[in-house]
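Engineer: Can you read through this structure? Questions will come right after.
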Amino acid sequence: MKNLSPLPIKCIDEFEKIRLAKESPTKGRLLILKPSVQQRYDEYDKKFKSNQLESISENTYSSESKADLLHCYKVSTKPLEQLITLIRENQEDHIKRVCQYCGINSDDTMDHYLPKERYPEFCVKSLNLIPCCPRCNQLKGEYWKDKNDNKRGIINLYLDSLPTEQYLFLDLHYNPILRVFGVSFYLDNTSNIDADFFSIIERHYTKLHLLKKYEDRFNHVYQKIYSSFTGSKIFQGNSKIIKQFLLDETNGLKRDFGVNYYKTVITD
Ligand SMILES: [Zn+2]
């Protein structure tokens, strides 16, 4: 998981480009809405800069206004496609076209960090769009903060400074009866990451089923490695060998993907 680079653009200009690509009467109605959208963009930016995004209120719109705002995202236009391409292209090369939430699948969709059904005015605001895979997008749904304590539950890759300390760990174990290796991923705050932020991390991993995803992925990888070693007596049950194999395989990935990338959390 890596931080994302925000697009160096004025979001209201992108809204205007998309509006101009619409036909009447939607185009005219969006023009009437534009000053209030600008106001809301300013509010978003202010809350973002002061790291108080969770305190942003929901506006009430008529069903027609809500539909017009959502039309900006739900109905494809050239300016919208260009905006989405720009968001993807603005990221570091090695994380381009990868789901920014799980780091496994391709980023075929955009997640609306503040869900578009509740915040339709932000549906084409680039700072609210996270490239991700359909599965993570579906699992996140409208969740972004917890109803009980009003604190955020999804890491915001534009806003949050990702810890440089390791919090994702892997337990490698050998089943001598089945003669196979298994893995378990777990979260642990051994480096005393800020407790509030660690709580966001825990909610994020739970909501997106990330530990299970990584286990499935790793078990698949292990099976492939294991079959390539079948017949080697020295390998059976020797986790040091498999750890070294993985360390060699993942050399360099920490730099590109961070210390909590699921492929790099193996330690010797
Ligand atoms: Zn994903």
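Engineer: How are the Cα pair distances of the range 106-154 distributed, in percent, across 5 Å bins from 0?
Structural biologist: Once binned at 5 Å, the Cα pair distances of the range 106-154 give 5, 23, 27, 27, 13, 4, 1.
Engineer: Can you give the percent of C-alpha pairs in the range 11-140 whose distance is more than 20 Å?
Structural biologist: When every Cα pair of the range 11-140 is considered, 46 percent fall beyond 20 Å.
Engineer: Related question: Relative to the present Cα-Cα distance, how much length would full extension add between S5 and N105 at 0.36 nm per residue of separation?
Structural biologist: Once the chain is fully extended between S5 and N105, it gains 34.0 nm.
Engineer: 7 Å from Cα along Cα→Cβ at both T60 and I12: what's the point-to-point distance in nm?
Structural biologist: In this crude label model, T60 to I12 measures out at 2.6 nm.
Engineer: Using R₀ = 41 Å, calculate the FRET efficiency as 1/(1 + (r/R₀)^6) where r is the Cβ-Cβ separation of K78 and F169; round to 0.05.
Structural biologist: 0.35
Engineer: Here is a follow-up. Just rank S57, S65, S191, fewest to most, by other beta-carbon atoms within 10 angstrom.
Structural biologist: S57, S191, S65
Engineer: Can you give me the three principal axis dimensions of the chain from its C-alpha atoms, in Å, biggest first?
Structural biologist: The principal-axis extents, from largest down, are 74, 37, 29 Å.
Engineer: So how much slack lies between R118 and T85, counting 0.36 nm per residue of separation and subtracting their Cα-Cα distance, in nm?
Structural biologist: Fully extending the segment from R118 to T85 adds 9.4 nm.
Engineer: Here's a follow-up. Positive end of the charge dipole of the range 152-207 (Lys, Arg +1 and Asp, Glu -1 on Cβ, about the Cα centre): tell me which of N175, N192, P163 has its Cα farthest that way.
Structural biologist: So the residue we want is N175.
Engineer: Roughly how far apart, in whole Å, are the Cα centres of the range 173-191 and the range 30-50?
Structural biologist: Using only Cα atoms to place each centre, the spacing works out to 48 Å.
Engineer: Let me ask you something else. Just grab the label-to-label distance for E92 and H209, each label 7 Å out from Cα along the Cβ direction, in nm (one decimal).
Structural biologist: 2.9 nm
Engineer: Which whole-number percent gives the relative contact order of the range 11-140, counting Cα pairs below 8 Å spaced six or more residues apart?
Structural biologist: Reported as a whole number, the value is 27 percent.
Engineer: Within the range 12-49, report the GluC sites (Glu not before Pro) that DSSP leaves as loop and that have at most 13 other Cβ atoms within 10 Å.
Structural biologist: Within the range 12-49, the qualifying GluC sites (Glu not before Pro) (loop, at most 13 other Cβ atoms within 10 Å) are E23.
No value in this document is a laboratory result; all are computed from the given coordinates. What you see is a predicted model, and the numbers here were worked out from it, not measured in a lab. Counting neighbours? That spans all protein chains shown, and the Cβs are built from the backbone with ideal geometry, glycine included.
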